[in-house]
Amino acid sequence: MSNDQESTKRIAELLLEAQAIKLSPEKPFQWSSGWLSPIYCDNRVALSYPETRTYIKKMLAELIRREYPDAQVVVGVATGGIAQGALVADLLELPFAYVRPEPKKHGMGNQIEGRIEKGQSVIIIEDLISTGGSSLKVVDVLRDAGIEVAGMVAIFTYGFAVAENNFKVKNVKLSTLSNYNALIETALEHDYVNSSQVESLSAWRVAPEKWGK
């Protein structure tokens, strides 16, 4: 197993241990979109575990150094990417800013919080990629402000085809620490699920809008 594969599965293992990711094929969760899902992911939970938080921070920093060495500013996506983004920016000794879902309704009316100069290259940090819709809105906000987006890094992605297409259409490079395939492998190895449940979990990733209906 390569170092990349090893760290990808290690991230999945840590998220499962912290219950940042929960798997429940028999009693699925319902997303706001109406989709039924056998998985629930809240990577903010990982922040409560210092060793897990530190490992994720270091792996994100290494990923940025390797794939986006020219990034000048770290930008977090509110709210999930703010804390982790600030930790990573500190480790990389880079400026940090974050982008709100919409402009502030009072004061200066900012949507970009922090200082980024026009023409600077930024790396965006997100905690989770599902369809990519909300994450890519941040790209639009930054580009509209004359800021160059080097790419986006995230802790985890479901790997939906629709997300891959959305990032391709926006011409945004995406790099993640872990993914759904690594998660399922790890969950099976550590007895979070059994082999019969894996089939259902795999089917969900292929057609989440139809799963469980």
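Here Glu185 and Lys210 are evaluated by their C-beta separation; at R0 = 41 Å the FRET efficiency comes out at 0.95.
Atom-type composition of the exposed protein surface of the stretch 100-176 places 47 percent of the accessible area on carbon and sulfur (1.4 angstrom probe).
A value for Kirkwood radius over Cα pairs in Å was derived from the coordinates, and within the list (1) 21.0; (2) 19.3; (3) 17.8 it appears as (3). Our summary gives the chain a relative contact order of 21 percent, counting only alpha carbon pairs under 8 angstrom and 6 or more residues apart. Taking only alpha carbon atoms, the stretch 115-156 gives an Rg to Rh ratio of 0.98, where Rh is the Kirkwood radius. Each peptide in 72-83, 178-189 gets a packing score, the mean of other Cβ atoms within 10 Å over its residues, and the list from highest to lowest is 72-83, 178-189. With all protein chains kept in place, the per residue accessible area of the chain amounts to 52 square angstrom at a probe of 1.4 angstrom. Quick check: from the Cα gyration tensor, does the stretch 1-108 come out rounded (a/c under 1.5), prolate or oblate? Verdict is oblate for the stretch 1-108.
Our Cα-only numbers for the stretch 46-128 put the radius of gyration and Dmax at 13.1, 39 Å. Rolling a 1.4 Å probe over the protein heavy atoms of the stretch 1-91, with every protein chain left in place, gives an accessible area that is 46 percent carbon and sulfur. Over 31 Å between Cα atoms, which of Lys27/Lys105; Lys105/Lys213; Lys58/Lys168 qualify? From the list (Lys27/Lys105; Lys105/Lys213; Lys58/Lys168), the Cα-Cα distance tops 31 Å for Lys27/Lys105; Lys105/Lys213. Quick one: Cα centre-to-centre distance for the stretch 53-83 and the stretch 103-162, in angstrom? Comparing the Cα centres of the stretch 53-83 and the stretch 103-162, I get a distance of 13 Å.
Report for the chain the percent antiparallel among DSSP-assigned beta bridges with both residues inside it, nearest 5.
Of all bridge pairs located within the chain, approximately 25 percent are antiparallel.
Classify the stretch 137-213 as rounded, prolate or oblate, taking a ≥ b ≥ c as the square roots of the eigenvalues of its Cα gyration tensor: rounded when a/c is under 1.5, otherwise prolate if a/b is larger than b/c and oblate if not. Here the stretch 137-213 falls in the prolate category.
The values are calculated or read from the model by the stated rules, or taken from the named source; none is laboratory data. Everything numeric here is computed off the predicted structure, so don't read it as measured data. For neighbour counting, all protein chains shown are included, and Cβ atoms are generated from backbone atoms with ideal geometry for every residue, glycine included. Heavy atoms of the whole protein, side chains included, go into the accessibility calculation; ligands, DNA and RNA do not. Shrake-Rupley method; radii C 1.70, N 1.55, O 1.52, S 1.80 Å.
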